Amino acid sequence: MVNLLLANSQSNVFVLVFWMIAVGVALFFVGTIFFQRKKGKQLKEELQQLDKIKQNNTEYEFVLKAMKIAVWRYDARTQSFTYENDFREGVNTYVPDDNETFSQTLTAISPSDVARVNKSFGDIVEGRTDFYHEEYQVNNLSVGASYWEESYATIVERDENGMPLKIVGTSQRIDERKELEASLVAARNKAEESDRLKTAFLANMGHEIGRP
């Protein structure tokens, strides 16, 4: 009788252990499936976000190409430039070396513009202003040519004291605009000279007619 009770007890324990293991395995598989589905959903969202970023970057590059712009970054700690996505046109375009300093870049700018550009860029580097905008002439000595360029920049990162750490900017060649401006100035000067000659002629004719 005792042996029978022991056998039944052992059998019940075995069944209980079996069901505990079965339930544990089932919970494990359910948890694994849930985790995989959650990770799959997260992975899908990450891939969608990555595709969106890639699409935005592609559109961003199309805009830069259409506007013929170069994007550059200035690191205030190393005082150096890094150019990226340079879509400026022109075989004689000056492209600074990676990590070129501002002082080195100034050597390519026309002497008549150096002081103004140096002060303007110094103001944003020292945090005296948030934005930078200048037009200047570039002398590319390596090919013996010069051209006009326009640049914009703004501060994108500051230290704990509010001083600029990183500046991002754009540069674009503006030769056509400068040629148009020069043509308009020349046309205005020609018109003014024509008016002066006309006025002098009429005055002279009036004087001649008034003579007896």
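Computed in the context of the full set of protein chains, the accessible area of the stretch 76-145 at 1.4 Å probe radius has 49% of its extent on carbon or sulfur.
Hey, got a sec? Which GluC sites (Glu not before Pro) in the stretch 65-163 land in a DSSP loop and have at most 10 other Cβ atoms within 10 Å? When the GluC sites (Glu not before Pro) of the stretch 65-163 are filtered for loop state and at most 10 Cβ neighbours within 10 Å, E89, E160 remain.
Length gained on full extension, E181 to D86, computed as 0.36 nm times the residue gap minus the Cα-Cα distance: 31.6 nm. Annotation note: trypsin sites (Lys or Arg not before Pro) in the stretch 71-116 located in DSSP loop regions with a Cβ neighbour count of at most 10 within 10 Å are R77.
As a quick test, which of the pairs K119/K190; K178/K198; K68/K178; K65/K166; K119/K166 have an alpha carbon distance above 26 angstrom in this structure? Checking Cα-Cα distances, K119/K190; K178/K198 exceed 26 Å.
The values are calculated or read from the model by the stated rules, or taken from the named source; none is laboratory data. What you see is a predicted model, and the numbers here were worked out from it, not measured in a lab. Positions of Cβ are backbone-derived with ideal geometry, glycine not excepted, and every protein chain shown enters the neighbour counts. For the accessible areas, the whole protein counts, side chains as well, though only heavy atoms, and no ligand, DNA or RNA atoms are used. Shrake-Rupley method; radii C 1.70, N 1.55, O 1.52, S 1.80 Å.
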